[in-house]
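Visitor: First, the structure itself, so that you have it in front of you.
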Amino acid sequence: MKVEDSTLAVVRALERMGVRYYVCGSLASSLHGEPRATNDADLVAELFPNQGERLQRELGTRFFVDPEEFENAVKNERSFNLIDEIELAKVDVFCVRDTGYQASALSRVIRLNLERDDPFSQVAVASAEDTIVSKLRWYRLGGEVSDRQWRDVRGVLLAQRERLDVPYLRRWSEHFGVTDLLDRLLA
């Protein structure tokens, strides 16, 4: 199972559609920090209700897009998942609007290679700061018990510390109520 291949297939479909997106979650923290294996991929995408059929066409038979799940996710800014029939990997797509925090995160994406030394695997990835903020939020929502989430966020901090936009981190950490976690991380 190669989650990077599944991710690349979904990303290329979104790009052909002109959809703004970014890779986030464990893949993003691995690219910014300490690499680790993951069983699935997380993407944020600015999708609209009328795009479900087009997404299915772009993905072909490799993935199945459940029309009802897609419409519900887009309407309620939730997620839907895609299962790669070839790689047997899962890609979760979180539907967002270009407002508030997501407007900021979408404007700060950077292009990175999913596979080292493979320029054809370049995709839009959440910035290191947005990866940290997102991981801190998930850590809090998960009851602050996931060693993996904390290790991911520490890995990004250690690898990117000199380049991080700390005022940006503080702004959004305060917004999401995770400033205490950010302070603990920075200490």
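Visitor: Taking the condition of being touching a strand residue (DSSP E or B) at 6+ places or on another chain (Cβ under 6 Å), touching a residue at least 40 places away in the same chain (Cβ under 8 Å) and outside any helix (DSSP H, G or I), how many residues in region 10-35 meet it?
Guide: So the answer is 4.
Visitor: Specify which of the listed residues (29, 79) is in contact with a Cys (Cβ under 8 Å, 6 or more places away or on another chain), of a type outside the set (A, V, I, L, M, F, W, C) and either on the phi < 0 side of the Ramachandran plot or open to solvent by 50 Å² or more (accessible area, probe 1.4 Å) (or both).
Guide: Numbers: 29 fails: in contact with a Cys (Cβ under 8 Å, 6 or more places away or on another chain).
That would be 79, the only listed residue that is in contact with a Cys (Cβ under 8 Å, 6 or more places away or on another chain), of a type outside the set (A, V, I, L, M, F, W, C) and either on the phi < 0 side of the Ramachandran plot or open to solvent by 50 Å² or more (accessible area, probe 1.4 Å) (or both).
Visitor: Now a separate question. Given the residues 161, 170, which is the only one that is surrounded by 13 or more Cβ atoms within 10 Å (Cβ to Cβ) and over 26 Å from residue 11 (Cβ atoms)? Lay out the reasoning, then the answer.
Guide: Numbers: 161 fails: surrounded by 13 or more Cβ atoms within 10 Å (Cβ to Cβ).
Only one candidate qualifies: 170.
Visitor: Being in a loop (DSSP other than H, G, I, E, B) and under 14 Å from the mean Cα position of the chain (by Cα) narrows it down to one residue among 7, 38; which is it? It would help to see each step written out before you state the result.
Guide: Numbers: 7 fails: in a loop (DSSP other than H, G, I, E, B).
Just one listed residue meets the conditions, 38.
Visitor: Please verify whether region 45-60 includes one or more residues that are within 27 Å of residue 164 (Cβ to Cβ), surrounded by 13 or more Cβ atoms within 10 Å (Cβ to Cβ) and at pLDDT 95 or above.
Guide: Initial filter on region 45-60 (within 27 Å of residue 164 (Cβ to Cβ)): 45-46.
Still in the list and also surrounded by 13 or more Cβ atoms within 10 Å (Cβ to Cβ): 45-46.
Still in the running and at pLDDT 95 or above: 45-46.
Checked region 45-60: at least one residue is within 27 Å of residue 164 (Cβ to Cβ), surrounded by 13 or more Cβ atoms within 10 Å (Cβ to Cβ) and at pLDDT 95 or above.
Visitor: Taking residue 40 and the conditions (1) charged (D, E, K, R); (2) open to solvent by less than 60 Å² (accessible area, probe 1.4 Å); (3) more than 26 Å from residue 151 (Cβ to Cβ); (4) modelled with pLDDT under 95, which numbered condition does it fall short on, given that it satisfies the others?
Guide: Tallying (1) charged (D, E, K, R); (2) open to solvent by less than 60 Å² (accessible area, probe 1.4 Å); (3) more than 26 Å from residue 151 (Cβ to Cβ); (4) modelled with pLDDT under 95, residue 40 fails exactly one: (3).
The values are calculated or read from the model by the stated rules, or taken from the named source; none is laboratory data. All figures in this text were calculated on a predicted structure; none of them were measured in a lab. Quick reminder, even Gly has a Cβ in these numbers, built from the backbone with ideal geometry, and neighbours come from all protein chains shown. All accessible areas refer to the heavy atoms of the entire protein, side chains included, with ligands and DNA or RNA removed. Shrake-Rupley method; radii C 1.70, N 1.55, O 1.52, S 1.80 Å.
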